[in-house]
Structure formats: C-alpha cells, structure tokens
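Down below is the structure, laid out as structure tokens.
The values are calculated or read from the model by the stated rules, or taken from the named source; none is laboratory data. What you see is a predicted model; the values in this text were computed from it and never measured. Using ideal geometry, Cβ is built from the backbone for each residue, glycine included, and neighbour counts are taken over all protein chains shown.
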Amino acid sequence: MNTRLFVLTGGPGSGKTTLLAALAEAGLATMPEAGRAIIRDQIRIGGPGWHGQDRRLFAELMLGWEMRSWHAAQEVEGPVFFDRGIPDVIGYLSLYEGHVPAHVTRAARLCRYHPTVLLAPPWPEIFEQDEDRGQDFAEAVATAQAMERAYAGAGYDLLPLPLAPVAERVDFVLDLLDRSA
C-alpha cells in the first residue's frame, strides 16, 4: 500500500476533476484523468481507442496511462491525488465488457494506492453532458456503482465525498490527509 497516493473515483460528472483542480490550486500534487485526454487524442488522430469505438483498446490505453501516472507519482514528494486509478479500468471493463483480463487485475494488485479511496457519488445537480462525456445520468450512476465494486474488490475502503461545494470538499480531503499523516 502506498499511503501517500490518494484516488478520487466515481461516475462521470460527479465533481472529481473540479475537486482535483482545487486541490492542485491548494498546492497539492495531482495526476489527471486518462479518459478525457485519450478520447480527445484518439478523435483528433482518427484512432479507434475510445469509448465510442473500441472499448477494449480504450481500456488498454487507460491502463497504460494510469500505470505511467502511478510510476511518475513515485518521484513526487508528499501526497499525490489521482483523478481515477488502475482499479477504474477494472470497473470500466466490468461494466462495458463483462470481462477483466488477468493482466489488468495484476496491475491493480501491484500498483497500490492509499487504502481509503475517495468516492464522488452521483450528483444530479452538477451532472452535465459535454462533447467528451456522452453518458447520461443513469450511466453515470451505473459507472459509480461499477467503480465502488472494483475498488472494494481490490481491497480498498471507499469514503464518499459530501455533496457540498468544492471548498467544503477540499476541506474534507485535507482533513483526511491530516488524519492519514
């Protein structure tokens, strides 16, 4: 277990990226989400490795991104906050493909995070679709549930974030950080 690497997970549109940006603004190290960057790059180059085309390839690209982020975080002093982690790939594959290859499960066993994972629960009041997020709210709820199962199955404890303004969420995370020190 790497007790200084913290994951934010949940469904799309639950405020993870906004919270991560606020944590970065507060001076904490962060690692960005793989999915949006991969989708943009794949669409830009006409590649098939995105959710709307080849979901298995998309999952492999996300796995590579998350592993690279995990390794990069080893070089960072102090706590690092991730917008999703390797078990998110397990949740994605479980939800959309119904099968998780052994190498993905092995990656989740080898590259560990803090034992408490922050879960951004579905929040209809802030959920929005955009050009990168084609999922509707029902799919966002199903995704959040898949992530909960994936992290619990990988041996993590999930701590739901409050449905509160970003400043209160930052305080909640900083309090967890203080308790973990």
Within the stretch 138-181, considering residues that are acidic (Asp, Glu) and within 12 Å of residue 117 (Cα to Cα), the one surrounded by the most Cβ atoms within 10 Å (Cβ to Cβ): 148
Filter result for residue 135 (in a helix (DSSP H, G or I) and either surrounded by fewer than 21 Cβ atoms within 10 Å (Cβ to Cβ) or at pLDDT below 95 (or both)): no
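List the helices (runs of 4 or more DSSP H) inside the stretch 23-96, counting only whole elements, that have at least 3 residues being among the β-branched types (Val, Ile, Thr) and farther than 21 Å from residue 152 by Cα.
34-45
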The lone exception for residue 108 - which of (1) farther than 23 Å from residue 122 by Cα; (2) surrounded by fewer than 23 Cβ atoms within 10 Å (Cβ to Cβ) it fails: (2)
Failed item in (1) buried (at least 20 other Cβ atoms within 10 Å of the Cβ); (2) polar (S, T, N, Q); (3) in a loop (DSSP other than H, G, I, E, B); (4) over 15 Å from the mean Cα position of the chain (by Cα), with residue 14 passing the rest: (4)
Residue list for the stretch 53-110, filter: among the basic types (Lys, Arg) and either in contact with a Lys or Arg (Cβ under 7 Å, 6 or more places away or on another chain) or free of Cβ contacts under 8 Å to residues at least 60 places away in the same chain (or both): 55, 56, 68, 106, 109
Which listed residue is surrounded by fewer than 17 Cβ atoms within 10 Å (Cβ to Cβ) and without any contact (Cβ under 8 Å) to a residue 24 or more places away in the chain, from 37, 21: 21
Residues located in the stretch 7-51, provided they are within 22 Å of residue 123 (Cα to Cα) and either touching an Asp or Glu at 6+ places or on another chain (Cβ under 7 Å) or of a type in the set (Ser, Thr, Tyr) (or both): 8, 9, 13, 14, 16, 17, 18, 20, 32, 33, 34, 36
Members of the stretch 149-172 found to be in contact (Cβ under 8 Å) with a residue 24 or more places away in the chain, within 15 Å of the chain's Cα centre (by Cα) and part of a helix (DSSP H, G or I), listed by number: 149, 150, 151
